[in-house]
Each structure stands twice: as C-alpha cells, then as structure tokens.
1. Convert each backbone phi in the range 81-92 into a coupling constant with the Karplus relation 6.51 cos²θ - 1.76 cosθ + 1.60 (shift: θ = phi - 60°), then list the ³J(HN,Hα) values in order as whole Hz, x for Gly and Pro.
2. Please work out the FRET efficiency for the pair Thr131 and Thr102, using the Cβ-Cβ distance as r and a Förster radius of 35 Å; give the result to the nearest 0.05.
3. Largest first, please: the extent of the C-alpha atoms of the range 13-137 along each principal axis, to the nearest Å.
Amino acid sequence: MNSTKITVSQATPVATTVRGDSAASISRARQVAQAFTRRLVPTPCPDVADTLVLVVSELVTNALRHGDGTFTLRLNTHPDAIEVAVDDTSPRWPRMRTPDLTGSGGGFGWPMVNRLARTTAVTRRAGGGKTVTAFLPR
C-alpha cells in the first residue's frame, strides 16, 4: 500500500487569532481565513477554503451584530477538521429563526453555519460571554 504520511508540523499551521470591533475587521477575518487555508498541507480543495471563509464571515458578523460589538476569532486545525472559534462578550446564545426574506432582518447566518459545519457548539466563557465553535471537514 502506497500512502503519503503527513506529519503534524506540516499539516498544522500555527493557530491564528484575530480580534475585531468594526465592519472592516470582518474583511480582515476573511483575509486571515484565506491565508490560513493556503498554509495547510495538504492544501484543501477550493470548496473547503470557500466554506471556511463563509463560516468565519458569518460568525464574526454575528458576534459584531448580536454580541455587543467585539469578537476574537481563533482558527486551528486537527487531523480531520478545521476549527473556527469566535468569542464575544454577550451571554445570549445564537438561535435559529426564520430568515427575513425582505433583506432587512437577517436570520440566515446561524442556520447556514450549522448546515456547513460538521458540528457546532456554544460554550460560556469564564470571564463572561460565550464562544461559538464550528468544526469543518478538512
């Protein structure tokens, strides 16, 4: 059997952290997510990279919009998953709601993240607020 073995040091780039408090920081988070996927070995297919950027965008946007206006994004890898974790200071959990088809009320992000991710979790942070985590297939 012929197989390629990837060591953890090759497959796992340094965990990446981004903090933000403005609409411009959403763009920065997307850029960082794109750069993060380019450092992965093996490089993920374009669909995986695009999905990561979309999930990052939705989670940091939700943190700014519903989580008191600041976020910390952490990206990490595991042998079979990419972890996206977003901290915010709000104690309110994300919730599923009927999307507003008029375009003014949102409601699309959290359901989309749950469909795209292998699994999602929300945990309370000891210092207050919460962490929303999504694990994406690698």
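All of the numbers you see were taken from the coordinates with simple rules; none came from a lab. Everything numeric here is computed off the predicted structure, so don't read it as measured data. Neighbour counts run over all protein chains shown; Cβ positions are idealised from the backbone, glycine included.
1. Coupling constants for the range 81-92: 8, 10, 9, 10, 10, 10, 9, 9, 8, 7, x, 6 Hz.
2. Efficiency, rounded to the nearest 0.05: 0.65.
3. The Cα atoms of the range 13-137 stretch 38, 35, 27 Å along their principal axes.
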